[in-house]
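Comments concern the structure below.
The values are calculated or read from the model by the stated rules, or taken from the named source; none is laboratory data. Just so it is clear, the model here is predicted, and its values are computed rather than measured. Note: ideal-geometry Cβ built from the backbone for every residue, glycine included; neighbour counts use all protein chains shown.
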Amino acid sequence: MKQILLMIAVVAVVGCGQNDLGPAAEIEQASSDTGSADIVSSSETDVAQIKSEPTPAEKAAAENAAKKAAAIKKMADKAQAKAFTNTLGMKFVPVSETKVAFCIWETRVKDYAAYAAANAEVDASWKYFNGADAGGFKQADTHPVMNVSWNDAQAFCAWLTKKELAEGKIKPGQKYRLPTDAEWSVAVGLGKEVGDTPEAKDGGIKDVYPWRKEWPPAVGAGNYYKSLKVDNFEYTSPVGSFAANKLDLHDMGGNVWEWCEDWYGPAAKALRVLRGASWYGNDPDPLLSSYRFNFTPGYRGNVIGFRCVLVGGSGG
Ligand SMILES: [Ca+2]
Ligand SMILES: [Ca+2]
């Protein structure tokens, strides 16, 4: 079969009067070394390309894909038009079906650094991974802050709200907080979930990931663990390094886990919810959009950060 394909390729190339020595040389090498899978498959690709006259079904699929891409772009443009940028340069877009605007990025090192600079009492754990100290890894200003607890995230949001109310950047009634578990589900594009609590909803919708439905994730799906081979970042990546979802939000899957407002089990009131997986994730289940990680509100880790939402309009 391979030999037949190679012959077709030779005939096709000659028949086209192609003078480029590149493919011919490649075919010659393939003929003398049929054991090379890479070269043979490259010749097969040539054949496929030469033979390619799109079928009506392929044309329709391409048109559908183009329509879908245009619709996604239109939504993103609409969201961009309503975007609000705060005093730290954090950018927020409204998320329909919720009453809040989501930050398009995870909270960055530089956002948290501004908070820490203004509040001497802030715990310094967030710095431990922002350099070589304490066994950490290098993070630039635009990487997501990590090693911050749910309590730390609450304090950051409270500080930012107070600061921007005082500066007139946001209006009375507006405030920053963490997204609720339900808001996060909307923002990641999940459908209706069954259950009354995050714990009950945990892992309920199978086969839906932030990037789509296939497993394993395609290259460029997000920053996950190196064994998945979807990106080139060993640890965290600058926020927004990967394509936004259709709501214009980046890193809803991967990079760092994101704290949510809710208790994992509201009756027990022991653990807070985290969503979205991290740069360390490679198992299918924790990467599901419906998966809930959970930790005590004081827990800090090098895979955990947070994202803010703005409540009460898109700012002024
Ligand atoms: Ca990675
Ligand atoms: Ca994330």
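Numbers at a glance
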| quantity | calculated |
| --- | --- |
| Residue count, segment 292-307 (criterion: surrounded by 18 or more Cβ atoms within 10 Å (Cβ to Cβ), out of contact with any helix residue (DSSP H, G or I) (no Cβ under 6 Å at 6 or more places or on another chain) and not β-branched (Val, Ile, Thr)) | 7 |
| Looking only at segment 250-282, and only at residues there that are at positive phi and of a type outside the set (A, V, I, L, M, F, W, C), the one that is farthest from ligand 1 (Cβ to nearest atom) | Lys269 |
| Subset of segment 301-312 [touching a Cys at 6+ places or on another chain (Cβ under 9 Å) and in a strand (DSSP E or B)] | Phe306, Val309, Leu310 |
| Failed criterion for Asn302 (all others in (1) of a type outside the set (Gly, Ala, Ser); (2) modelled with pLDDT under 95; (3) more than 16 Å from ligand 1 (Cβ to nearest atom) hold) | (3) |
| Of residues in segment 150-192 being in contact with a Pro (Cβ under 6 Å, 6 or more places away or on another chain) and closer than 21 Å to Val109 by Cα, the one surrounded by the fewest Cβ atoms within 10 Å (Cβ to Cβ) | Asn151 |
| Unmet requirement for Val256, which otherwise passes all of (1) surrounded by fewer than 17 Cβ atoms within 10 Å (Cβ to Cβ); (2) aliphatic (A, V, I, L, M); (3) more than 26 Å from Ala71 (Cβ to Cβ) | (1) |
| Scope segment 247-300; condition assigned to a loop (DSSP other than H, G, I, E, B), of a type in the set (A, V, I, L, M) and closer than 16 Å to Met146 by Cβ; matching residues | Val256, Ala277 |
| 3 or more residues within 18 Å of the chain's Cα centre (by Cα) and under 24 Å from Leu271 (Cα atoms): qualifying helices (runs of 4 or more DSSP H) within segment 141-214 | 181-188 |
| Single residue of Asp231, Asp285 found to be over 26 Å from Gly191 (Cβ atoms) and touching a Gly at 6+ places or on another chain (Cβ under 9 Å) | Asp231 |
| Of all residues in segment 225-243 being part of a loop (DSSP other than H, G, I, E, B) and farther than 24 Å from Met90 by Cβ, the one that is farthest from ligand 2 (Cβ to nearest atom) | Lys229 |
| Odd one out for Asp285 among (1) more than 15 Å from ligand 1 (Cβ to nearest atom); (2) acidic (Asp, Glu); (3) touching a strand residue (DSSP E or B) at 6+ places or on another chain (Cβ under 9 Å) | (3) |
| Every residue from segment 244-278 that is within 9 Å of ligand 2 (Cβ to nearest atom) and touching a Ser or Thr at 6+ places or on another chain (Cβ under 7 Å) | Gly254, Asn255, Val256, Trp257 |
| Selection count, segment 218-249, where residues are more than 11 Å from ligand 1 (Cβ to nearest atom) and either in contact (Cβ under 8 Å) with a residue 24 or more places away in the chain or buried (at least 18 other Cβ atoms within 10 Å of the Cβ) (or both) | 9 |
